[in-house]
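None of the figures in this text is laboratory data; all of them are computed from the coordinates on show. These figures come from a predicted structure and were not determined experimentally. Neighbour counts are summed over all protein chains in view; Cβ atoms, including those assigned to glycine, are modelled from backbone coordinates with ideal geometry.
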């Protein structure tokens with residue numbers, strides 16, 4: 001069956017079996033392997049992508065169900081080599097260890113900040129409560145999102161300097 | 001890798017088209033809404049429909065409207081939408097109590113109230129909420145529409161009165177004055193199914209007497225829909241701690257939990273008593289605080 005959707009701003013169209021899950025469409029058909037695939041049971045949240053701006057678990061959606069919609073994966077937020085503030089925040093505050101949960105955490109955090117630019121710690125924890133970090137690095141993930149909230153992208157971020165200060169990186 | 005067995009896929013643009021597709025593809029076709037129950041079952045081959053009829057485009061079933069003394073909820077209303085609705089939270093605090101502990105925020109972006117009720121999982125929270133609120137459900141088929149009380153919707157675990165060629169379209173919660181409601185759940189970890197949960201709604205008279213009350217339990221084998229002996233003990237009484245304890249005791253006696261990985265029978269019975277007590281206490285507080293609806 002033909003499925004057509006927008007992925008990171010570009011239209012894609014492929015002939016697939018209806019049983020193909022969105023996570024496998026993204027990884028295997030589009031070769032966008034940044035989205036990770038974990039528990040397969042909608043528990044771990046590794047596979048979170050944004051569907052029309054809202055985080056969803058792509059292991060529990062058929063690719064056909066995204067037909068006509070806009071999907072954003074972890075490959076989306078960085079523009080012309082400039083990291084999104086959320087990605088930069090995960091670097092600054094050591095928000096990733098093994099990196100397995102990171103793509104899902106980044107996308108949920110991006111969606112949170114899009115709707116709530118200054119979330120409280122409790123709101124951040126609630127937003128990522130459907131996602132598991134197997135390194136248990138939640139404290140630094142929360143700090144990473146707080147860093148991103150404090151360093152929003154400039155309106156024309158493509159031309160602006162990266163929102164980075166080396167002095168904030170500890171040894 | 002867990003992949004469902006092959007199936008045919010069709011997308012409905014409206015309710016009539018969904019009914020047509022169900023009729024055309026026959027007894028092995030299933031509706032799919034949020035898919036967070038059906039797709040996991042298909043991956044494990046617990047369900048193996050030959051056709052899926054996708055109803056996610058049915059915007060006509062995504063609504064929350066107040067009319068004729070009732071709050072009408074479209075069956076495709078997502079959990080996240082219910083939780084965001086100030087009106088729902090004000091009229092029926094029990095709904096927000098339950099929604100906050102249904103799965104997690106990401107799952108709640110997809111799951112729907114209609115899907116939850118039609119799955120008829122004995123551990124599902126909104127079914128208890130709908131029993132407690134004395135909901136009516138609206139079911140449409142090619143022959144027209146019918147309305148059922150919530151107590152007639154579920155025929156048993158995973159079995160409902162919605163026939164294969166029908167679709168649940170709407171849930172209605174009656175709005176009554178001097179009402180309070182609450183839901184209390186214990187889960188092993190955030191987002192898990194209930195070990196046990198209790199919901200209660202209370203309607204008081206002007207002097208604070210409990211005029212009417214409903215108590216529902218989740219995941220502990222309460223076959224009657226609500227805990228009628230506990231309700232009878234409360235009706236006509238002024239709220240008191242002794243009364244809440246007695247209601248909890250009766251509700252726990254009347255349920256029939258099974259031992260499983262979520263806990264042994266005596267623990268679940270203990271939870272049924274304690275959570276009933278807490279839910280009734282909080283529902284009475286809210287009713288006394290002048291909650292409308």
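Miscellaneous remarks
- Rg over Rh [alpha-carbon atoms, Kirkwood Rh] for region B:1-100: 1.06
- Relative contact order for region B:157-293, counting Cα pairs under 8 Å that sit 6 or more residues apart, in percent: 31
- Angle between chain B longest axis and helix B:265-288 axis [Cα atoms, degrees, rounded to 10]: 70
- For chain A, the direction-averaged projected area of the alpha-carbon convex hull comes to 9.9 nm².
- Helix axis angle, B:241-254 relative to chain B longest principal axis, alpha carbon, degrees: 40
- Computed over the Cα atoms of region A:2-72, the ratio of the radius of gyration to the Kirkwood radius (Rg/Rh) comes to 0.92.
- Sorted by Cβ neighbour density within 10 Å, fewest at the top, the residues B:246, A:93: B:246, A:93
- Rg/Rg_globular for region B:110-165, with Rg_globular taken as 2.2 N^0.38 Å and Rg from C-alpha atoms: 1.08
- Computed lengthening from residue B:189 to residue B:14, 0.36 nm per intervening residue step minus Cα-Cα distance: 59.2 nm
- A straight chain from residue A:91 to residue A:70 at 0.36 nm per residue would run longer than the Cα-Cα distance by 4.8 nm.
- Acute angle (nearest 10 degrees) that the helix B:15-25 long axis makes with the longest principal axis of chain B, alpha-carbon atoms: 60
- Within a Gaussian network of chain B (alpha carbon springs, distance under 10 Å), most fluctuating of B:148, B:44, B:250: B:44
- In Å, descending, principal axis extents of the Cα set of chain B: 58, 45, 31
- With a Förster radius of 45 Å applied to the C-beta separation of residue B:65 and residue B:260, the computed FRET efficiency comes to 0.70.
- Diffusion coefficient, µm² s⁻¹, Stokes-Einstein with Kirkwood Rh over alpha-carbon pairs of region B:8-54 at 10 °C and 1.306 mPa s: 147
- Counting all C-alpha pairs of region B:179-288, share separated by more than 23 Å (%): 23
- Relative contact order for chain B, counting Cα pairs under 8 Å that sit 6 or more residues apart, in percent: 16
- Cα-projected label distance for residue B:235 with residue B:253, points at 7 Å along beta-carbon direction, nm: 1.7
- Inter-chain neighbour count for B:96-108: the average number of beta-carbon atoms from partner chains within 10 Å of each residue's beta-carbon is 4.
- Largest-first principal axis extents of the Cα set of region B:157-233 (Å): 47, 35, 24
- Among B:189, B:269, B:176, sorting on how many other beta-carbon atoms sit within 10 Å of each Cβ, with the fewest leading, yields B:189, B:176, B:269.
- Compactness index (Cα Rg / 2.2 N^0.38 Å), region B:59-174: 0.98
- Compactness of the protein assembly as shown, expressed as Rg and Dmax over alpha-carbon positions, Å: 23.5, 72
- For chain A, modelled as a GNM whose springs connect Cα atoms under 10 angstrom apart, the maximal fluctuation among A:87, A:122, A:131 occurs at A:122.
- Principal axes of region A:85-163: Cα extent on each, largest first, Å: 36, 24, 16
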